[in-house]
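Colleague: There's a structure below that I have some questions on.
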Amino acid sequence: MKIVTPLVVLAGLALTVVGVMTALGQATSGAQPWSNELSDNFVFIKALPFVLGFGVAVGLLMARTYGPKVRSGAIRRWSPGTVFGHWMLTLGFVLALPTGMWQYLGGILDVNLPIPLYLFYRVHYIGAAIVLFTVAAFASYLWMTGDRSLLVPRGQWSRHLLGLAYELPQPVRGWYAKVLRIDLRQPRPPTGQFTFYEKVVEFPSWSIILVLITVTGIIKAARYVVPVPGFVLWLASTLHVAAMVLIVIKLLDHLRYTLPQWPLVASITTTWVNERYARLRHPAWQQVAQGSSPGPREARGERSGSAAGVAGDGAP
């Protein structure tokens, strides 16, 4: 497997390059009277199967970096493969989100920039291709590793909802506890590898938004290749715009939540978290990572979730 995976990735890269160059050659041959926007759309949709396949191959390589690691004074929170995927996804958003928003806002505001519109589409397609590549890579990565550390373990939802209550701002906590009938007199559960906010709010919402924007984007791009009913196209376009707005909201919320916890921000670059920080802020995870036995309270709830978490990591 260690030898085969790099060969699969290289083969996938070669096929992707050939596929993209072939699509570009067809679009620029002059055989069709296509505009720049339509030409770029055809290149994107024809290259998409190769991009997704290459993403799956890269996900196999990412999976090789999966697994628990501890060194003197630090614990690995993310695998190198996850860090790579996170920053690729960030790059895709940086390219696709502003250009995609302007395609709609420019028309609504009736504002024209001294830049051809097709260049906005072109950059948007490049960013969208990077996002789809990364989504395919993470899907392959999670399938190969079987990692479920980002999911709430079965039978632990009440415990995670209680833990989330203690992580919410004070003005929101009371309302949240009242609506969900959470008894705040219960002791605060110890935090595992990932915070309760990450597992209950962050990861599920990002997953839903990514699925929404990728599916609707593919439907919009495929309308020139396969027949798409008008209502389906309208619905996909509406949901695609809604997904872009949700991504902006989630990005702001993500920065609000992560920047004050700088060691966690640094870990998505270095993969490591300081052991002292883990002991203070993620006690259940630190205990399992160091191979020590949890106390009675940790044993009742956190053990199963944190043990799964320290086995590796998931996608951001």
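Colleague: Going by how many other beta carbons lie within 10 Å of each one, how would you line up 175, 87, fewest first?
Modeller: Going from least to most buried by this count: 175, 87.
Colleague: Fewest first, what order do 267, 35 take by the number of other Cβ atoms within 10 Å?
Modeller: So the residues, fewest neighbours to most, are 35, 267.
Colleague: So for each of 209-218, 246-255 I average, over its residues, the number of other beta carbons within 10 Å; can you give me the resulting order with the highest mean first?
Modeller: The packing order, highest mean first, is 209-218, 246-255.
Colleague: Based solely on its DSSP helices, what 222 nm [θ] is calculated for the chain when runs of n ≥ 4 H residues each add -39,500 (n - 2.57) and the sum is averaged over all residues, nearest 500 deg cm²/dmol?
Modeller: -23500 deg cm²/dmol
Colleague: Here's a follow-up. So how many Lys-Lys pairs in the chain land under 29 Å Cα to Cα, not counting same-chain pairs under 8 apart?
Modeller: Lysine pairs, 8 or more places apart or on different chains, close enough: 7.
Colleague: Counting other C-beta atoms within 10 Å, which of 84, 133 has the fewest, and how do the rest follow?
Modeller: Arranged by neighbour count, lowest to highest, 84, 133 become 84, 133.
Colleague: Could I ask something else about it? Filter the trypsin sites (Lys or Arg not before Pro) in region 118-213 to those in DSSP coil with at most 12 other Cβ atoms within 10 Å of their Cβ, and list the result.
Modeller: 154, 181, 185
Colleague: Which of the DSSP-defined H helices in the chain satisfy a minimum axial length of 20 Å, computed from C-alpha atoms, and a minimum mean Kyte-Doolittle hydropathy of -0.5?
Modeller: 4-27, 36-63, 80-109, 117-145, 203-221, 230-258
Colleague: How big is D, in µm² s⁻¹, for the chain by Stokes-Einstein at 10 °C and 1.306 mPa s if Rh is the Kirkwood radius over C-alpha pairs?
Modeller: The Stokes-Einstein estimate is 73 µm²/s.
Bear in mind these aren't lab numbers, they're just calculated from the coordinates by the rules spelled out. Keep in mind that this is a model prediction, so the values were computed, not measured. Glycine also receives a Cβ, built like all others from the backbone with ideal geometry; neighbour counts cover every protein chain displayed.
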